[in-house]
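The values are calculated or read from the model by the stated rules, or taken from the named source; none is laboratory data. Computed from a prediction, not measured in an experiment: that's the story for all the values here. Cβ coordinates were reconstructed from backbone atoms using ideal geometry, including for glycine residues, and neighbour counts include every protein chain displayed.
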Amino acid sequence: MTSHPPPPSPVRIAAGQGFWGDWLEAPYRQVTGGPVDYLMMDYLAEVTMSILQKQKSRDPALGYAKDFIPLMERILPILVERRIKVTANAGGVNPRACAAAVAETARTLGLRGKLKIGVVTGDDLLERLDGLLARGHDLRNLDTGRPLRDVRDRVLSANAYLGAWPLVDALRKGADVVITGRVTDTGLTLAPLIHACGWQPDSWDLLAAGTVAGHIIECGAQASGGNCLVDWERIPDLANVGYPIVEARPDGTFDIVKHARTGGRISVAGVTEQLVYEMGDPREYITPDCVADFTTIDLRQMGKDRVRVSGVRGRPATDKLKVSVAYFYGYKAVGTLVYAWPDALKKAQAADRILRQRLEDLGLAFESIHTEFVGVNATHGRLALDDSDAAQAPEVQLRVGVRSREQGPVERFTREIAPLILNGPPSVTGFAGGRPKPEEIVAYWPALIDKRMVEPCVERVDV
Amino acid sequence: MRRAGGRLKRRVRLVELAHARSGDKGDTANIGLIARRPADYPILVKQVTAARVARHFKGMITGKVERFELPNLHALNFLLHGALDGGGTISLKTDAQGKVFSTALLRMAIEAPR
């Protein structure tokens, strides 16, 4: 087999955040540790939008990932000096306010005239929901088939997942930093690739390749040695783990690499683990931009910390967009107590029986009561109980959770844990945290909508 | 140790031949199971069937098990429906997002060549 040498300067897209709350040092190290062209940062989990919607309803200037602003304050001078562009869905439900805050920060840093911000909106359907339902868009739950009107009065946020093309538009308009609301994780990586490589809207194989690249780096260090089972004890220097970088060529082949002098490991095993993460039917990885076929991906170790990805095939995009709706569901609380040897498990089991009887005697109705014995069966259920030496465990944590549509029973449950310390089975501790707090449950409602119903909007803000 | 099909076999835990990563989509957990050595992939295909995985997790999941093959990655992908007590924010489980469901699969006993 002959291979052509890659062109001298492939486009390099660095992953900076795999989720809101990821390592704050990662983006800084990505833009200072070696050459990169783009920094990609993913902030939005499925229920994040509802939290941000709540913040925006209290203050119309909020509703975006606030952590993004101090991060940008730290790296903006470097971005401008090294001409590194940013794609981030940190805008949440208020990308314009996020862009205004970044612009203000840039001016404070003396970067007036040196930075252009692109803003992508149009994903937010909350205000349009009743109109859409009235026009026959049922937004049926993809898992249950129920129409959205069943929970309409409890809806907190509704956002369509936009794809890469609105970001491409922003980059073409000269944006250095592209701030979006709900955009697919993969779109944040695919957009710079389309822009830099000149890919066409119907180059399905190339768009699929860029989508696979995005999937590999969208969870940050999970592709570069973090959370990897294979030889995990020999993965070097995770304290200084290097986040993954896509080094792509216009023909759609790309390498996953990381900066020199960083920890972690880029291996076929680790990249494969990330490829199958949150995977459905591998032949149909559906995004707004294309349908990628993960059974066509070829992985090859090209040297230390370098994995080449090639062969990716794709098919035309569907005429639908995914919509993520968040709605108020009810309440839950979790209480824990720790029981010590001897008979730690038996004591915890007895406490669970007593607790359940008391809840029943109080006439409290729950949608679910869930008991786990942490250290024995919390993660592996009966599979672990069968063959572990549970009877001799030095300690077992009793963990009981309850869920209800009503607040009252959950509130009452939280007062039934502490009494067990003095009026239940012996050798119990671990209640320093105090009474558990009832939590509001915001649930997630996945649906599809006709693409034509959603119009992305791209603006440019000059600093 | 026993003789099956004329070849010596040994009974091992799946973790010796495979590694895995899992995640969630609503109330469905996915487990990507990957052969540690490409040569062992056919063993996974043959023995770690959807039916076998459904039996392995009997009583722990409420829905069906689907299996997809990725021969290019020497991997199988399983969808375990009704595995997460409602999933995401609704679930009361420690592992509400199925992050370590994969390791429970790796406990499965399979037969490997000696």
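Only one of these is farther than 20 Å from A:V47 by Cβ, more than 14 Å from chain B (Cβ to nearest Cβ), in contact with a helix residue (DSSP H, G or I) (Cβ under 6 Å, 6 or more places away or on another chain) and of a type outside the set (S, T, N, Q): A:L115, A:L139. Name it. Residue meeting the stated conditions: A:L115.
The residue that is surrounded by the most Cβ atoms within 10 Å (Cβ to Cβ), counting only those in segment A:254-283 that are part of a loop (DSSP other than H, G, I, E, B) and facing another protein chain (nearest Cβ under 7 Å), is A:V276. The set of residues in segment A:137-182 that are basic (K, R) and modelled with pLDDT under 95 is empty. If you go through segment B:65-87 one residue at a time, do you hit one that is modelled with pLDDT of 95 or more and among the acidic types (D, E)? Scanning segment B:65-87, I find at least one residue that is modelled with pLDDT of 95 or more and among the acidic types (D, E), so the answer is yes. If you check A:E406, A:E416, A:E360, A:E372 for being under 30 Å from B:R13 (Cα atoms), out of contact with any Asp or Glu (no Cβ under 8 Å at 6 or more places or on another chain) and modelled with pLDDT of 95 or more, only one passes: A:E372. Among the residues here, A:A209 qualifies as aliphatic (A, V, I, L, M) and touching a Phe, Trp or Tyr at 6+ places or on another chain (Cβ under 9 Å). Of all the numbered requirements in (1) under 13 Å from the mean Cα position of the chain (by Cα); (2) facing chain A (nearest Cβ under 10 Å); (3) closer than 25 Å to A:G226 by Cβ; (4) not hydroxyl-bearing (S, T, Y), B:L14 misses one, and that requirement is (2). Picking from residues in segment B:77-98 that are among the hydrophobic types (A, V, I, L, M, F, W, C) and more than 7 Å from chain A (Cβ to nearest Cβ), the one that is farthest from A:A326 (Cα to Cα) is B:F78. Just one of the listed residues (A:F328, A:F254) is aromatic (F, W, Y) and either closer than 30 Å to A:L129 by Cβ or at pLDDT below 95 (or both), and it is A:F328.
When we screen A:F328, A:F294 for residues that are within 12 Å of another protein chain (Cβ to nearest Cβ), of a type outside the set (K, R) and surrounded by fewer than 18 Cβ atoms within 10 Å (Cβ to Cβ), the only hit is A:F328.
Consider segment A:236-248 and keep the residues that are crowded, with 19+ Cβ neighbours inside 10 Å and either at pLDDT below 95 or part of a loop (DSSP other than H, G, I, E, B) (or both). The one that is farthest from the other protein chains (Cβ to nearest Cβ) is A:G242. Sub-6 Å Cβ pairs linking a first residue in segment A:360-386 that is of a type in the set (D, E) to a second residue that is surrounded by 13 or more Cβ atoms within 10 Å (Cβ to Cβ), at least 6 apart or interchain, are A:E367/A:R403; A:E367/A:S404; A:E372/A:A378; A:E372/A:R399; A:E372/B:T94, ordered by first then second residue.
Taking every residue in segment A:406-427 that is over 14 Å from A:A365 (Cα atoms) and pairing it with any residue that is charged (D, E, K, R) and surrounded by 19 or more Cβ atoms within 10 Å (Cβ to Cβ), at least 6 positions away or on another chain, the pairs with Cβ-Cβ distances below 9 Å are A:G424/A:K347; A:P425/A:K347; A:P426/A:K347; A:S427/A:K347.
Where strands (runs of 3 or more DSSP E) fall wholly inside segment A:310-391, the ranges with 2 or more residues that are within 30 Å of A:F294 (Cβ to Cβ) are A:313-315, A:320-340. Among the criteria (1) under 30 Å from A:A164 (Cα atoms); (2) at pLDDT 95 or above, the one A:A340 does not fulfil is (1). Contact annotation: residue pairs with Cβ atoms under 8 Å, 6 or more positions apart or on different chains, pairing a residue in segment A:119-141 that is exposed (fewer than 15 other Cβ atoms within 10 Å of the Cβ) with a partner that is assigned to a helix (DSSP H, G or I), are A:D130/A:R152. Out of all the residues in segment B:56-76, is one or more more than 10 Å from every other protein chain (Cβ to nearest Cβ), crowded, with 20+ Cβ neighbours inside 10 Å and touching a residue at least 24 places away in the same chain (Cβ under 8 Å)? For segment B:56-76, residues more than 10 Å from every other protein chain (Cβ to nearest Cβ), crowded, with 20+ Cβ neighbours inside 10 Å and touching a residue at least 24 places away in the same chain (Cβ under 8 Å): absent.
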